[in-house]
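Okay, structure first, notes after.
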Amino acid sequence: MGLLKALWKEPRSRFGLILFALMALIGLCAPILTSHSPTDMGFMPWEKPSAAHPMGTTGLGQDVYTQFLYATRLSLTLALVTGLLVALISTAIGLTAAFYGGLADELISFFTNVVLVLPALPLIIVIAAYIKVGGFWPVVLVVALTGWAWGARVLRAQALTLRERDFVHAAIASGETPARVILTHLIPNMSGLIAANFFGAAVYAILTATGLEFLGLGDVSLISWGTMLYWAGSEQAMLHDAWVRIAAPGLGIALLGTAFALLNFGIDSISNPRLRLQAPVHKKPRPVSPDALRAQKNLVSAQNVTVQYDTPKGAVTAVSKGNLDVKAGEFIGLAGESGCGKSTLAFAMTRLLRSPGFVAEGAVYLENKNLLDLDDEELRKVRWKDFSLVFQASMNVLNPVLTVRDQIYDALQAHGMRDKAELEKRALELFGIINIRPQFLDSYPHQLSGGMRQRVVIAIALALQPKVIVMDEPTTALDVVVQRSLLQEIADLRKKMDISIIFITHDLSLLVEMSDRIVIMYAGQIVEEAKASDIYARPRHPYTKLLMSTFPPISGPKERRHGIPGRPPVLTATSRGCPFADRCPSVIPGVCTSTNPMLLEIEKGHKVACHLEVPEMREVKA
Ligand SMILES: Nc1ncnc2c1ncn2[C@@H]1O[C@H](COP(=O)(O)OP(=O)(O)OP(=O)(O)O)[C@@H](O)[C@H]1O
């Protein structure tokens, strides 16, 4: 029922569903829609369409309309049964090959490839010619046995990639049985492809079966679209002007193919959670009155950026009126617990936010150009040239079949650098900057360590000398020693290249050492912003203080550290108070729980959003 509901929601699949339901209804209600039998020969031959015979009669005196109704029933059943059989065989074979690998995979792949290279139609014709049994099943079996190979190959490829995913390794390591891994981890992730395979096979089945029957190779005593065409051909229906006998089954096949294709769209969006909720791609943010002065004084100025995610429970606000200014050459640290909106803000600022996220309000100026206003082509021109991005899993974005040199060249060539000598010179320069020996330029990504790969990604991000780089936890996936040296290099690089960096991490202690300014986020809001030294020496927001206390001091005796008690609020919660109120050790009851404090500049360059910083409120507390 849920599936039907979901198919109904998607406009294309809704149309497919209606089309399919109509055809199924025609087939099911055939005995109600006509009082004749499809094999009844009691009428006048070659009658023209009339009220008694809406599609005329055949040369043998059968009612064509009655034949079409019963043919729809048989052809539809044939398509569904064969489609199901093909999908089952392909899935079982493809999954077995991918899951067990080794010899099993080699043998299955060899057999699949052999079936694939055999010319299908002559093979089907030969097999069908030798089957002497009549009825419905021979055609189903012939089509199923010759049609599974393509699907098996595609499903094997998909299962192979899934097999290498962490969640599958984790399931196997935790002792789950192969059947459970396949049923709960692999098949649900492949459902879109399996459904596509089913619909593709059903269309293939109807076309092949019709072809066979048209050639007289099926059981021509059955009434199907194929045998209708066969008899129309052998009775030379066109010479008798009875074109309906060809048009009706032809239209049936075309409509069934269309219905399956449209249903396939719906299945795809149901099985792929990313497609389930499509945010409007070019939803324009609500404009904010731009602070032109701020935009002028800063290289980047994000103003009142509000980002929401469409969820089944409605839109949730992940970043609320975020303001972030970055000066040329400045190193800004953006910190906060996991889920506070750091990445969302960074992605929104760099136009990398993907559905179901969208910017609901705000502007992001980069040298007076509002990035949120740019169309795709304008954006392509400024991305990498004016700003670039490095994130945690960046090292995995390197193409495994291209050398590092090719990937650096690609980035440069995409922005117009063509000269071979110039490309080489720039690649060598970049490798110098990121401290990797030039001979590694011709290595493939798998020949480099994680740290080196991340350095290469940084080199690509630097390739066009952008003015600002957003780095979202770029070192988190690396071990501590590599992290340290890479961070040092990033800090040096910023000075050498006079580049601005927005560095995102949940590790506040890292930022204190490297940043000029630190911005602290909590529950989608900026709650404190100050010079790094001030955040270190005089944090003002209770959240920042707790965040600082969760990391060990740079010097002094070792002591055990604890995380901040409690959890951040769920984004769907609609409290009007300070989002930190229920975890705050200094909460002012009645104040913090009812009003969300504004971000105020309490000292030059030090902004805090906390009622405790407003003198009157402090009196309330006292
Ligand atoms: N696709 C999504 N659909 C719905 N909510 C989302 C989606 N992506 C992120 N969110 C929500 O937005 C909020 C901010 O997430 P975001 O990833 O920006 O936080 P973060 O501070 O960068 O966390 P982390 O350090 O773990 O990356 C989170 O509460 C998260 O649940």
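Here is a list: S443, S500, S485, S515. Which entry is in the same structural domain as H415 (by the TED database), open to solvent by 30 Å² or more (accessible area, probe 1.4 Å) and among the small types (G, A, S)?
Values: S443 fails: open to solvent by 30 Å² or more (accessible area, probe 1.4 Å); S500 fails: open to solvent by 30 Å² or more (accessible area, probe 1.4 Å); S515 fails: open to solvent by 30 Å² or more (accessible area, probe 1.4 Å).
Answer to the selection: S485.
Can you spot a residue in the stretch 247-254 that is modelled with pLDDT of 90 or more, touching a helix residue (DSSP H, G or I) at 6+ places or on another chain (Cβ under 8 Å) and of a type in the set (A, V, I, L, M, F, W, C)?
Yes, the stretch 247-254 contains a residue that is modelled with pLDDT of 90 or more, touching a helix residue (DSSP H, G or I) at 6+ places or on another chain (Cβ under 8 Å) and of a type in the set (A, V, I, L, M, F, W, C).
For the stretch 89-108, what are the residues that are within 29 Å of the chain's Cα centre (by Cα), surrounded by fewer than 17 Cβ atoms within 10 Å (Cβ to Cβ) and at negative phi? Write out each step before concluding.
So the first thing to find is which residues in the stretch 89-108 are within 29 Å of the chain's Cα centre (by Cα), and the list is 89-101, 105.
When the remaining residues are screened for being surrounded by fewer than 17 Cβ atoms within 10 Å (Cβ to Cβ), the result is 92, 100-101, 105.
Hits for the stretch 89-108 are A92, Y100, D105.
Residues being touching a strand residue (DSSP E or B) at 6+ places or on another chain (Cβ under 8 Å) and either assigned to a helix (DSSP H, G or I) or without any contact (Cβ under 8 Å) to a residue 24 or more places away in the chain (or both): count how many of those fall in the stretch 476-487. Show your work before the answer.
Our first condition is that a residue be touching a strand residue (DSSP E or B) at 6+ places or on another chain (Cβ under 8 Å); within the stretch 476-487, this holds for 476.
Subsequent filtering for residues that are either assigned to a helix (DSSP H, G or I) or without any contact (Cβ under 8 Å) to a residue 24 or more places away in the chain (or both) retains none.
Number satisfying all stated conditions: 0.
Can you find, within the stretch 298-314, the residue that is farthest from the ligand (Cβ to nearest atom) among those that are in a loop (DSSP other than H, G, I, E, B) and touching a Ser or Thr at 6+ places or on another chain (Cβ under 8 Å)?
We begin by selecting, within the stretch 298-314, every residue in a loop (DSSP other than H, G, I, E, B); these are 298-299, 312-313.
Remaining after also requiring touching a Ser or Thr at 6+ places or on another chain (Cβ under 8 Å): 299, 313.
Working: L299: 22, K313: 10 Å.
Once the filter is applied, the top-ranked residue is L299.
Quick one: in the stretch 380-423, which of the residues that are among the basic types (K, R) and either open to solvent by less than 20 Å² (accessible area, probe 1.4 Å) or assigned to a helix (DSSP H, G or I) (or both) is nearest to the ligand (Cβ to nearest atom)? Give the derivation first.
Within the stretch 380-423, the subset among the basic types (K, R) is 380-381, 383, 385, 405, 418, 420.
Cutting the leftovers down to either open to solvent by less than 20 Å² (accessible area, probe 1.4 Å) or assigned to a helix (DSSP H, G or I) (or both) gives us 380-381, 405, 420.
Working: R380: 24, K381: 27, R405: 32, K420: 40 Å.
Only one residue tops the list, namely R380.
Can you say whether G16 is in contact (Cβ under 8 Å) with a residue 40 or more places away in the chain and more than 24 Å from A195 (Cβ to Cβ), as far as the supplied structure shows?
Numbers: in contact (Cβ under 8 Å) with a residue 40 or more places away in the chain: yes; more than 24 Å from A195 (Cβ to Cβ): no.
No: the conditions fail for G16.
Out of all the residues in the stretch 327-341, is one or more farther than 30 Å from E429 by Cα and either polar (S, T, N, Q) or in a strand (DSSP E or B) (or both)?
Looking through the stretch 327-341, at least one residue is farther than 30 Å from E429 by Cα and either polar (S, T, N, Q) or in a strand (DSSP E or B) (or both).
Looking at the stretch 364-396 only, could you name the residues that are closer than 17 Å to L412 by Cα, within 22 Å of the chain's Cα centre (by Cα) and in contact (Cβ under 8 Å) with a residue 40 or more places away in the chain?
Those that are closer than 17 Å to L412 by Cα, within 22 Å of the chain's Cα centre (by Cα) and in contact (Cβ under 8 Å) with a residue 40 or more places away in the chain: S388, L389, V390.
Show the residue pairs meeting these rules: Cβ distance below 8 Å; 6+ apart or different chains; first residue within the stretch 397-409 and acidic (D, E); second residue in a helix (DSSP H, G or I).
Sorted first by the residue in the stretch 397-409, then by its partner, the list stays empty.
So which of L145, L160 is assigned to a helix (DSSP H, G or I), at pLDDT below 90, open to solvent by 40 Å² or more (accessible area, probe 1.4 Å) and under 18 Å from I93 (Cα atoms)? First the steps, then the outcome.
Details: L160 fails: at pLDDT below 90.
None of the other options fit; the residue is L145.
In the stretch 310-340, what count of residues is obtained for those that are open to solvent by 60 Å² or more (accessible area, probe 1.4 Å) and closer than 18 Å to P568 by Cβ?
4
Taking P356 as meeting all but one of (1) away from the ligand (no atom under 16 Å from the Cβ); (2) open to solvent by 30 Å² or more (accessible area, probe 1.4 Å); (3) modelled with pLDDT under 90, write down the number of the exception.
(1)
Looking at A209, A232, A248 in this structure, which one is touching a Leu at 6+ places or on another chain (Cβ under 6 Å) and either part of a helix (DSSP H, G or I) or open to solvent by 40 Å² or more (accessible area, probe 1.4 Å) (or both)? Reasoning before the result, please.
On the way: A232 fails: touching a Leu at 6+ places or on another chain (Cβ under 6 Å); A248 fails: touching a Leu at 6+ places or on another chain (Cβ under 6 Å).
That would be A209, the only listed residue that is touching a Leu at 6+ places or on another chain (Cβ under 6 Å) and either part of a helix (DSSP H, G or I) or open to solvent by 40 Å² or more (accessible area, probe 1.4 Å) (or both).
Scan the stretch 580-614 residue by residue and report those that are open to solvent by less than 30 Å² (accessible area, probe 1.4 Å), out of contact with any helix residue (DSSP H, G or I) (no Cβ under 8 Å at 6 or more places or on another chain) and assigned to a strand (DSSP E or B).
Within the stretch 580-614, just V608 meets the criteria.
Out of curiosity, is E361 away from the ligand (no atom under 13 Å from the Cβ) and either in a helix (DSSP H, G or I) or under 21 Å from the mean Cα position of the chain (by Cα) (or both)?
Values: away from the ligand (no atom under 13 Å from the Cβ): yes; either in a helix (DSSP H, G or I) or under 21 Å from the mean Cα position of the chain (by Cα) (or both): no.
No; evaluated as a whole, the condition is false for this residue.
Pick out the one residue from L366, L334 that is more than 15 Å from the ligand (Cβ to nearest atom) and under 19 Å from D516 (Cβ atoms). Let's see the steps before the verdict.
Numbers: L334 fails: more than 15 Å from the ligand (Cβ to nearest atom).
Result: L366 is the single residue among L366, L334 that is more than 15 Å from the ligand (Cβ to nearest atom) and under 19 Å from D516 (Cβ atoms).
The values are calculated or read from the model by the stated rules, or taken from the named source; none is laboratory data. Please read these numbers as outputs of a predicted model, since none were measured by experiment. Cβ sites come from the backbone with ideal geometry, for glycine too, and all protein chains shown count toward neighbours. Only protein heavy atoms, including side chains, enter the accessible area calculation; ligands, DNA and RNA are left aside. Shrake-Rupley method; radii C 1.70, N 1.55, O 1.52, S 1.80 Å.
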